[in-house]
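Below: one structure, written as structure tokens.
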Amino acid sequence: MNKEELISEISKKAKVSKKEASLVLSAAMESIQKSVKKGNKVTLVGFGTFSSKKRAARMGRNPQTGKAIKIAAKTVPSFSAGKSFKALLSK
């Protein structure tokens, strides 16, 4: 499912226009991104938790040459599925 298909699904279920569904989805995604960027966790009970994690610097290999390269430390987004979401997928 892509973003347009998700907007259509939200529009049908919430009985709102596609434009309104798009605005709400965009606002929700933007709010989650801003909060995680600040280092906060966003928890949607039953769905999951969005957060950021720090990756330590490490050594890697260039796949073309096989040479060792240093990979810099960085912060990456993370998602952990909630209990209800996990249970739904395990059925």
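The values are calculated or read from the model by the stated rules, or taken from the named source; none is laboratory data. Here the structure is a predicted model, which means the values were calculated and not measured. Heads up, the Cβs are rebuilt from the backbone with ideal geometry, glycines too, and the neighbour counts pull from every protein chain shown. The protein model used for the area step is the full one, side chains on, heavy atoms only, and it has no ligands, DNA or RNA in it. Shrake-Rupley method; radii C 1.70, N 1.55, O 1.52, S 1.80 Å.
Per-structure values
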{"item": "Every pair of residues 6+ apart whose Cβ atoms lie under 7 Å, when the first sits in region 62-84 and is surrounded by 10 or more Cβ atoms within 10 Å (Cβ to Cβ) while the second is at pLDDT 95 or above and in a helix (DSSP H, G or I)", "result": "Pro77/Val36"}
{"item": "Test: residue in region 15-35 that is within 16 Å of Pro77 (Cα to Cα), among the charged types (D, E, K, R) and part of a loop (DSSP other than H, G, I, E, B)", "result": "no"}
{"item": "Filter pass, Ser31 being of a type in the set (Ser, Thr, Tyr), loosely packed, with under 13 Cβ neighbours inside 10 Å, out of contact with any Cys (no Cβ under 9 Å at 6 or more places or on another chain) and at pLDDT below 95", "result": "no"}
{"item": "Sole residue being of a type outside the set (Asp, Glu), open to solvent by 100 Å² or more (accessible area, probe 1.4 Å) and in contact with an Asp or Glu (Cβ under 9 Å, 6 or more places away or on another chain), chosen from Met1, Met59", "result": "Met1"}
{"item": "Only listed residue being assigned to a loop (DSSP other than H, G, I, E, B) and touching a strand residue (DSSP E or B) at 6+ places or on another chain (Cβ under 8 Å), chosen from Gly39, Gly66, Gly60", "result": "Gly39"}
{"item": "Residue check for Leu23: open to solvent by 100 Å² or more (accessible area, probe 1.4 Å), without any contact (Cβ under 8 Å) to a residue 40 or more places away in the chain, touching a strand residue (DSSP E or B) at 6+ places or on another chain (Cβ under 9 Å) and closer than 23 Å to Ile10 by Cβ", "result": "no"}
{"item": "Matching entry among Leu88, Leu6 (being out of contact with any strand residue (DSSP E or B) (no Cβ under 9 Å at 6 or more places or on another chain), surrounded by 13 or more Cβ atoms within 10 Å (Cβ to Cβ) and at negative phi)", "result": "Leu6"}
